[in-house]
Amino acid sequence: MNEKQESTEHITAQSADIAQLQMERERDKILEQSATLKSAVSDNEKKSANESEGAMPNCNNRKHGRFMGIIIAAAVLIAVLIGVGLYNTPANRVSRYLDLGNRYLEEQDYEQAVVAFEKVITIDERCIEAYVGGIEAYIAMDDNTKLTVLYDKALTELEELSEAELGEYMDSVTAIYLAAERVYPEDLEKIISILREGYDRTGHNANIEERLVENYLMLASSYTDTVSSNKAAVSADDAAAAYEKAISLLTDGYAATGNQRLKTELDKIQTMYQKILEWKNYVQTVESVLDRIAHYCRDEDYDQVFEVMQSEEFAKILERIHELEQIHRISTEYGEIGIYQVDSEVYGNYMIYYGEYEGEDRQGQGVWLGYYDNNNYMAKGSWQADLPQGEFVVREWSSELAEGVTYRVISGNVDTGLWNGNVEWNFEWETGAVEVFPVSFDRGHWNVIRQDNGDYIVSDNGSTESGIMFIKPEEIDRLCGIEGFTEESPLY
């Protein structure tokens, strides 16, 4: 026999003992009263006999005595049966088991309490107090399976109560509806559904309203938090959908309760929703522009790329990126492309990457493009772990170049965004002439050949005219590498 069986038999036996003891007490009281009556009758018979002593025996007198004895015995039996019947009426049994269950609850003997309350329910399924006790016991026992079965049954019984019965059992009815938060702690939608029903059924009970409002607010917050906590990973469509759910929920809650807390939160979320819609429209514009740039990049038509990057439409996009704090990356039919924030004095604060990805990281071959105030930048090469790594060719159209220089072309090895080892520094002139300067770097730092009049000579190509490349003292310590990465190299 297991512990639960023993426990059940214990409570059953104990209840039976209590009932038997009370029955015996009632029986003894009745028998005592009967004995007193019988004694009085016997005394009367003896008195009559003494008065008639010496007279002839009368058989009628004897018959009369026996008849009176039968009547008395029958009266005693009827009285006993009536007492037992009264004791075992359903109302008395419900009362006794309720008292027993509540006592076990106070003693924290929850298994015995459950047995007592379940016994009440088998006698009277409409006994709301028994459901309250049983729910409390199952919660304390952490028996969720039996708890939900009993709780659902309790809710069904509440639906059957009349208005008069609801008023009579209001405290117990309210307790059952409020228990929803403990029965279904992870299911806010179900909690709201139950509390909403309870709010209506109890005539807008204040305690139920308080918890109903709190759960409306928590559920609405769970929708919007998915956007605010992970803005960079949530699409504009998903963000709009999340806020629409929150608005619908709070609108329903406010219509049902008229609670001002819900109205205040609803107004706040609706304001944010308008910003989400603006963001959605903005993202659609970004995706359209990036799609065009990706098309030109695939065709290696970089002049057209820079035309787009010089447009007013692109300038407006850049104005919004900082506000939204989001990297914009999309997949197009022409390849993957994204806009990234950088810190470049010459090419602005945002640049475009077109190329290969691995997950969220730039990985493989890619093109890195920048434009600001008529300065154009293009770097083609290998990326690893979201950083330039390997062989690169950089082509610049910059107003900072010397007069008469059309392009500066740099080619060589890059280590985490910084030039490293031997690098070739070329200048293409308007005349068509090209000057080539071999230089070298140690992770972004110039390797100096010699100094001349305070300047640092970094290359001497041996030509008689302009064959020397030098760096000014104020620039010698400046790191050199792929634009946007000279300050962000993890090893810098």
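The values are calculated or read from the model by the stated rules, or taken from the named source; none is laboratory data. Small disclaimer: the values here were computed from a predicted structure and weren't measured. Neighbour counts run over all protein chains shown; Cβ positions are idealised from the backbone, glycine included.
Looking at the range 390-406, can you tell me whether even one residue there is modelled with pLDDT of 90 or more, farther than 20 Å from N376 by Cβ and of a type in the set (A, V, I, L, M)?
no
Residues checked against (1) out of contact with any Ser or Thr (no Cβ under 7 Å at 6 or more places or on another chain); (2) surrounded by fewer than 16 Cβ atoms within 10 Å (Cβ to Cβ); (3) at positive phi; (4) at pLDDT below 95:
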residue	(1), (2), (3), (4)
P90	yes, yes, no, yes
D109	yes, no, no, no
V132	no, no, no, no
Y138	yes, no, no, no
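Of all residues in the range 105-147, which are under 21 Å from D171 (Cα atoms) and more than 34 Å from the chain's Cα centre (by Cα)? Break it down stepwise before answering.
Restricting attention to the range 105-147, the residues satisfying the condition of being under 21 Å from D171 (Cα atoms) are 105-106, 113-114, 116-118, 120-121, 124-140, 147.
If the condition is that a residue be under 21 Å from D171 (Cα atoms) and more than 34 Å from the chain's Cα centre (by Cα), then E106, A113, A116, F117, E118, V120, I121, D124, E125, R126, C127 are the ones that fit.
Counting just the residues of the range 148-174 that are hydrophobic (A, V, I, L, M, F, W, C) and farther than 21 Å from N205 by Cβ, which one comes out nearest to the chain's Cα centre (by Cα)? Before you say what the answer is, go through the steps one by one.
Just the residues of the range 148-174 that are hydrophobic (A, V, I, L, M, F, W, C), to begin with: 149-150, 154-155, 158, 161, 164, 166, 170, 173.
In the following step, the residues that additionally are farther than 21 Å from N205 by Cβ were identified as 149-150.
Values: V149: 25, L150: 27 Å.
If we take residues in the range 148-174 being hydrophobic (A, V, I, L, M, F, W, C) and farther than 21 Å from N205 by Cβ, then V149 is nearest to the chain's Cα centre (by Cα).
Select from the range 422-470 the residues that are surrounded by fewer than 16 Cβ atoms within 10 Å (Cβ to Cβ), polar (S, T, N, Q) and within 57 Å of the chain's Cα centre (by Cα) and list them in ascending order.
N422, N447
Restricting attention to the range 360-396, which residues are assigned to a strand (DSSP E or B) and surrounded by fewer than 17 Cβ atoms within 10 Å (Cβ to Cβ)?
First pass over the range 360-396, keeping only residues assigned to a strand (DSSP E or B): 361-372, 375-384, 387-396.
Listed by number, the residues that qualify are D361, G364, Q365, Q384, G390, E391, V393.
Residues in the range 323-343: is at least one in contact with a Pro (Cβ under 7 Å, 6 or more places away or on another chain), at pLDDT 95 or above, crowded, with 16+ Cβ neighbours inside 10 Å and not small (G, A, S)? Break it down into steps so the answer makes sense when it comes.
Applying the first criterion (in contact with a Pro (Cβ under 7 Å, 6 or more places away or on another chain)) to the range 323-343 yields none.
No - not one qualifying residue is present in the range 323-343.
Residue check: is T486 crowded, with 17+ Cβ neighbours inside 10 Å, of a type in the set (S, T, Y) and outside the structural domain of V367 (by TED's automatic domain parsing)?
Details: crowded, with 17+ Cβ neighbours inside 10 Å: yes; of a type in the set (S, T, Y): yes; outside the structural domain of V367 (by TED's automatic domain parsing): yes.
It is true that T486 is crowded, with 17+ Cβ neighbours inside 10 Å, of a type in the set (S, T, Y) and outside the structural domain of V367 (by TED's automatic domain parsing).
Would you check which residues across the range 426-457 are within 17 Å of V405 (Cβ to Cβ), among the hydrophobic types (A, V, I, L, M, F, W, C) and not in a loop (DSSP other than H, G, I, E, B) and list them? Give the steps one after another, and end with the answer.
Of the residues in the range 426-457, the ones within 17 Å of V405 (Cβ to Cβ) are 426-437, 439.
So of that shortlist, the ones also among the hydrophobic types (A, V, I, L, M, F, W, C) come out as 427, 429, 433-434, 436-437, 439.
Within the range 426-457, F427, W429, V434, V436, F437, V439 meet the criteria.
Residue check, E400 against (1) more than 20 Å from F485 (Cβ to Cβ); (2) of a type in the set (D, E, K, R); (3) more than 50 Å from the chain's Cα centre (by Cα); (4) exposed (fewer than 14 other Cβ atoms within 10 Å of the Cβ), all met but one. Which one?
The one condition E400 does not meet is (1).
Give G370, G381 a once-over and let me know the one that is in the same structural domain as N420 (by TED's automatic domain parsing) and modelled with pLDDT of 95 or more. Steps first, please.
On the way: G370 fails: modelled with pLDDT of 95 or more.
None of the others qualify; the one that does is G381.
Name the one entry in K280, K275 that is in contact (Cβ under 8 Å) with a residue 40 or more places away in the chain, closer than 29 Å to A220 by Cα and either part of a helix (DSSP H, G or I) or more than 28 Å from the chain's Cα centre (by Cα) (or both).
Details: K275 fails: in contact (Cβ under 8 Å) with a residue 40 or more places away in the chain.
Checking each option against the conditions leaves just K280.
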